[in-house]
Amino acid sequence: MTEPSAPLQNIVIVGGGSAGWMTAAALADAIGKSCSITLIESEAIGTVGVGEATIPPIRNFNQRLGIDEATFVRETAGSFKLGIQFVDWARKGHSYFHPFGQYGAEFDKVPFYHHWMRESLAGNVDGPIDDFSMCWAMAKAGRFSRPEMDRRKIQSTFDYAYHFDAGLYAAFLRRRAEAQGVKRIEGRVVDVTQRSEDGFIESVTLDSGEKVSGEFFVDCSGFRGLLIEGTLEAGYDNWQHWLPCDRAVAVPCAKQAKIAPYTRSTAKEAGWQWRIPLQHRTGNGYVHCSEFISEEAATETLMSSLDGEPQADPRTLRFVTGKRREFWKKNCVAIGLSAGFMEPLESTSLHLIQYGILRLIALLPDSAMSPLLAREYNAQTTTEYERIRDFLILHYKATSRDDAELWRYCSAMEIPESLQYKIDHFRTSGMLVADERELFANPSWIAVYLGQDIVPRRAPAITDMRGGVPVAERMQMISHAMSDAVEEMPSHADFLQRHCASPLAA
């Protein structure tokens, strides 16, 4: 006999910004007007709004919502991103590139990077594996074009993401969401009412005195976690002992004449500095550890290393890297900063919002509110955070820098067993241990391992069994094909001007 239940009649989102409006737009697109969606935000409460760099899955999110790419890039003053350049991470004076795409091109049953590794360890390759990345070839030449669909072409071996103004993105999605029936209420939540029988959230009261009731609530209130923590006390796992940075000072500056199609991350004395080029400005920030540098010194370091004139006063953000112990508790799901914070080293902030939303849509409850749904949501989300955590820790752990306290601490710190296991496999025999559901696939791990001097003692054993393969000849062909392909591409600036120029760029 089936248990009686009914579809949700109303969902309340507390908080705007990227998290709130991404949630509202995606829910409206998925469930239409069969359920009312209300978003509460206060213009008096600022949003963090520094998450301007993304990774390729954001393209899938936009496509799911039917967003035209050229319109989106134009409306958000965006640019294209082929990966991240890491400067001074392994050691001072050294840099490497984390690309969105594979290395080389497959010409054998053995993956390209296996062959490259064998040749490199034998001394037959002069340069880094970056030399066989289409993304890096395009990035250093300042060129951009979309990938080809024909897998036989070298132009099919790369992917891309975006840089964009997070505030403009939220406004862009707000317009779409409201056009689909989402109701916005201006106000600040001052009280939360729970049902006496089970502790479920029943309503929120605004500073105007208005009471907003709901069956299901999405907490997008930022670091404070107004509902998930302030009311439901979901708890928080602090990962600062592995990822010690707890501050970020951010400031925009004037754009450069040439808009680079990649993010740059430069390791500093007590953290790292980001540079994110947009059409109308460049985003900058210094993520740092307050134990090893003062706020004033961090601000001075950032302001003295900008590529252009500052366009605003610097802002300082405080955070604790980690996650909620329960992302979904009772009838509330936390999405965005209220769910947790992974520092923006690999541009995962908006990705975690995106997948939190898609997971919610997949597991959307009805009025019965089965606890199994929350259990599955929490399990999947916890695993995702932990995998991303390990990848971020790798950047800090794999360093030979001993010129500052932060780097000495990181190189000596104990790391999660799950990460140590992966490092041991790669260091021993060049093998990559990964789950197929991991956000960061093999090329990403290869980039950081090799870029930060974790070099295998030997190449995977199977490479010694492929003696008849003309490896040197094929690698040379790939190198020439890459050079020819890049030469035919327009500059990044020309591509933007031709297809998606923002009026703000003028």
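The values are calculated or read from the model by the stated rules, or taken from the named source; none is laboratory data. Since this is a predicted model, take the numbers as computed values, not measurements. Every residue, glycine among them, receives a Cβ derived from its backbone with ideal geometry; neighbour counts consider all protein chains shown.
Structural remarks
- Hey, GLN380 closer than 26 Å to ARG275 by Cα and either outside the structural domain of GLY225 (by TED's automatic domain parsing) or in contact (Cβ under 8 Å) with a residue 12 or more places away in the chain (or both) or not: no
- Considered as a group, the residues in segment 367-390 that are crowded, with 20+ Cβ neighbours inside 10 Å and more than 16 Å from the chain's Cα centre (by Cα) include one that is nearest to TRP328 (Cα to Cα), and that residue is ALA374.
- Single match in ASP403, ASP453 (criterion: in contact with an Asp or Glu (Cβ under 9 Å, 6 or more places away or on another chain) and part of a loop (DSSP other than H, G, I, E, B)): ASP403
- Failed item in (1) surrounded by fewer than 24 Cβ atoms within 10 Å (Cβ to Cβ); (2) of a type outside the set (Asp, Glu); (3) more than 14 Å from the chain's Cα centre (by Cα), with HIS351 passing the rest: (3)
- Failed item, numbered, when GLU233 is tested on (1) on the phi > 0 side of the Ramachandran plot; (2) in contact with a Phe, Trp or Tyr (Cβ under 8 Å, 6 or more places away or on another chain); (3) of a type in the set (D, E, K, R): (2)
- Condition check for PHE217: more than 30 Å from ALA506 (Cα to Cα) and assigned to a strand (DSSP E or B): yes
- Here ALA434 does not qualify as modelled with pLDDT of 95 or more, more than 18 Å from ILE154 (Cα to Cα) and under 23 Å from the mean Cα position of the chain (by Cα).
- Subset of segment 108-122 (residues that are over 17 Å from PHE158 (Cβ atoms), touching a residue at least 24 places away in the same chain (Cβ under 8 Å) and not basic (Lys, Arg)): ASP108, VAL110, HIS114, HIS115, MET117, GLU119, LEU121
- Residue in segment 433-448 that is under 28 Å from SER290 (Cβ atoms), buried (at least 21 other Cβ atoms within 10 Å of the Cβ) and in the same structural domain as LYS109 (by TED's automatic domain parsing) present: yes
- Candidate set: segment 456-487, residues that are touching a residue at least 60 places away in the same chain (Cβ under 8 Å) and in a loop (DSSP other than H, G, I, E, B); chosen: the one nearest to ARG152 (Cα to Cα): VAL469
- All of (1) modelled with pLDDT of 95 or more; (2) surrounded by 12 or more Cβ atoms within 10 Å (Cβ to Cβ) hold for ARG498 with one exception: (2).
- Taking the criterion of being assigned to a loop (DSSP other than H, G, I, E, B) and of a type in the set (Asp, Glu), the residues of segment 140-180 that qualify are GLU148, ASP150, ASP159, ASP165.
- Every test in (1) more than 20 Å from PHE223 (Cα to Cα); (2) of a type in the set (A, V, I, L, M, F, W, C); (3) touching a Phe, Trp or Tyr at 6+ places or on another chain (Cβ under 8 Å); (4) surrounded by fewer than 24 Cβ atoms within 10 Å (Cβ to Cβ) is passed by LEU406 save one, and that test is (4).
- Looking across segment 449-466, just one residue is surrounded by fewer than 17 Cβ atoms within 10 Å (Cβ to Cβ), of a type in the set (Val, Ile, Thr) and closer than 13 Å to SER120 by Cβ, and that is VAL455.
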